[in-house]
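The values are calculated or read from the model by the stated rules, or taken from the named source; none is laboratory data. Since the structure is predicted, the reported quantities are computational estimates derived from the model, not experimental observations. Here Cβ is always computed from backbone atoms with ideal geometry, including for glycine, and neighbour counts include all displayed protein chains.
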Amino acid sequence: MVAAQLERGTAQAVNLFWGLRSQRDLYYQEELRELTRQFPKFSFVTTLSRPEAGWTGATGRVTTLVRDRVPSVRNMAVYLCGNSGMIQEVTALIQARGLCPIHKEKYYDDRGEPTD
């Protein structure tokens, strides 16, 4: 979804909030850094809900990033991909801030605990 949006040459900022559990789940980090070099309007934040010692990046669930870093949905479209629990939670957070298009793709369902 990110690549397609960037390739269209959008004038809007494209921000990716990516939530993973731990460092062993990290992948595509160098590719994402390369996209930030190629496309100045692209940024990403990877957050870990169960980081190991030494992790210096964002921590917590991706819903925390949305809650803390998305004050308004004005002129925004949201694309969600992940498990149904995260999609439901982020949808509620976004809708509480106003109306905007929300596109959803359930990638997997792991029946994890809400705090995972």
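Checking SER72 against (1) within 24 Å of GLN5 (Cα to Cα); (2) modelled with pLDDT of 95 or more; (3) small (Gly, Ala, Ser), which test does it fail?
(2)
If you check every pair at least six apart or on different chains, which have Cβ atoms under 9 Å apart with a residue in region 81-93 that is at positive phi first and a residue that is surrounded by 15 or more Cβ atoms within 10 Å (Cβ to Cβ) and assigned to a helix (DSSP H, G or I) second?
GLY82/VAL62; GLY82/VAL90
If you go through region 104-115 one residue at a time, do you hit one that is charged (D, E, K, R), in a loop (DSSP other than H, G, I, E, B) and either modelled with pLDDT of 90 or more or within 18 Å of VAL2 (Cα to Cα) (or both)?
For region 104-115, residues charged (D, E, K, R), in a loop (DSSP other than H, G, I, E, B) and either modelled with pLDDT of 90 or more or within 18 Å of VAL2 (Cα to Cα) (or both): absent.
Whether any residue in region 4-13 is at pLDDT below 95, in contact with a Cys (Cβ under 9 Å, 6 or more places away or on another chain), assigned to a helix (DSSP H, G or I) and surrounded by 14 or more Cβ atoms within 10 Å (Cβ to Cβ) is what I want to check.
no
Could you grab me the full set of residues in region 26-51 that are more than 23 Å from MET76 (Cβ to Cβ) and touching a residue at least 12 places away in the same chain (Cβ under 8 Å)? I'd like the intermediate steps shown before the answer.
Taking region 26-51 first, the residues more than 23 Å from MET76 (Cβ to Cβ) are 26-31, 33-34, 37, 48-51.
Answer for region 26-51, where residues must be more than 23 Å from MET76 (Cβ to Cβ) and touching a residue at least 12 places away in the same chain (Cβ under 8 Å): LEU26, GLN29, LEU48, SER49, ARG50, PRO51.
Out of everything in region 17-33 that is out of contact with any Asp or Glu (no Cβ under 8 Å at 6 or more places or on another chain) and under 18 Å from ILE87 (Cβ atoms), what residue ends up being surrounded by the fewest Cβ atoms within 10 Å (Cβ to Cβ)?
Of everything passing the filter in region 17-33, LEU20 is surrounded by the fewest Cβ atoms within 10 Å (Cβ to Cβ).
May I ask you to list pairs of residues, at least six apart or on different chains, whose Cβ atoms are under 7 Å apart, with the first in region 65-77 being within 16 Å of TRP18 (Cβ to Cβ) and the second being in a loop (DSSP other than H, G, I, E, B)?
VAL70/ARG97
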